[in-house]
Amino acid sequence: MAARAERGMSAPPEVVFNTATDPDRVAAWLPEPLRADGDNRPEVDAGDLRARWHSDSAPGWSAEIRVESADAGGARVLLDLAGAAGGANPGLADEALANLAREVADNLTAG
């Protein structure tokens, strides 16, 4: 089952994208089945601010994130989350983006 979530963030798109794809931060926001392999490196299209993760140990699980510019220098984040046997529900996708928003906020205050 696939789920889609969308969220605005008060950070530049590049900051959101870099935080989302930072190997040290991925485990804090990606759902557990996508973290199980221990290699959280996504397929990245930095020019389009897109990244995709999949799991070899949890077949059927994948995530794709797209980051776009929004008003006032912010970002709009779209997440497509697919999981086996109904595991990727809209609530899990929303929770993943809420966790990413916290990581972005932490990244901004740390820098």
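The values are calculated or read from the model by the stated rules, or taken from the named source; none is laboratory data. Since we're looking at a predicted model, the values are computed, not measured. Don't worry about glycine lacking a Cβ; one is built from the backbone with ideal geometry, like all the others, and counts go over all protein chains shown. These accessible areas exclude ligands, DNA and RNA; they are computed on the full protein's heavy atoms, side chains included. Shrake-Rupley method; radii C 1.70, N 1.55, O 1.52, S 1.80 Å.
Applying the set (1) acidic (Asp, Glu); (2) surrounded by 14 or more Cβ atoms within 10 Å (Cβ to Cβ); (3) not in a helix (DSSP H, G or I) to Asp94 leaves exactly one unmet item: (3). Residue count for the stretch 23-33 satisfying the condition of being in a loop (DSSP other than H, G, I, E, B), closer than 19 Å to Leu108 by Cβ and in contact (Cβ under 8 Å) with a residue 24 or more places away in the chain: 2. Pairs linking a residue in the stretch 89-108 that is farther than 12 Å from Val15 by Cβ to a residue that is charged (D, E, K, R) and open to solvent by less than 30 Å² (accessible area, probe 1.4 Å), with Cβ atoms under 8 Å and 6 or more positions apart or on different chains, do not occur. Of all the residues in the stretch 28-47, those that are within 13 Å of the chain's Cα centre (by Cα) and either surrounded by 13 or more Cβ atoms within 10 Å (Cβ to Cβ) or modelled with pLDDT under 90 (or both) number 11. Closer than 17 Å to Ala96 by Cβ, modelled with pLDDT under 90 and surrounded by 18 or more Cβ atoms within 10 Å (Cβ to Cβ) - does that describe any residue in the stretch 48-55? Yes, because at least one residue in the stretch 48-55 is closer than 17 Å to Ala96 by Cβ, modelled with pLDDT under 90 and surrounded by 18 or more Cβ atoms within 10 Å (Cβ to Cβ). Would a scan of the stretch 103-111 turn up a residue that is hydroxyl-bearing (Ser, Thr, Tyr) and part of a helix (DSSP H, G or I)? Yes: one or more hits. Does any residue of the stretch 5-17 turn out to be at pLDDT below 90, in contact with a helix residue (DSSP H, G or I) (Cβ under 9 Å, 6 or more places away or on another chain), assigned to a helix (DSSP H, G or I) and surrounded by 13 or more Cβ atoms within 10 Å (Cβ to Cβ)? Checked against the condition, which is being at pLDDT below 90, in contact with a helix residue (DSSP H, G or I) (Cβ under 9 Å, 6 or more places away or on another chain), assigned to a helix (DSSP H, G or I) and surrounded by 13 or more Cβ atoms within 10 Å (Cβ to Cβ), the stretch 5-17 yields no hits at all.
Within the span defined as the stretch 58-76, one or more residues are assigned to a helix (DSSP H, G or I), open to solvent by less than 80 Å² (accessible area, probe 1.4 Å) and under 16 Å from Gly8 (Cβ atoms).
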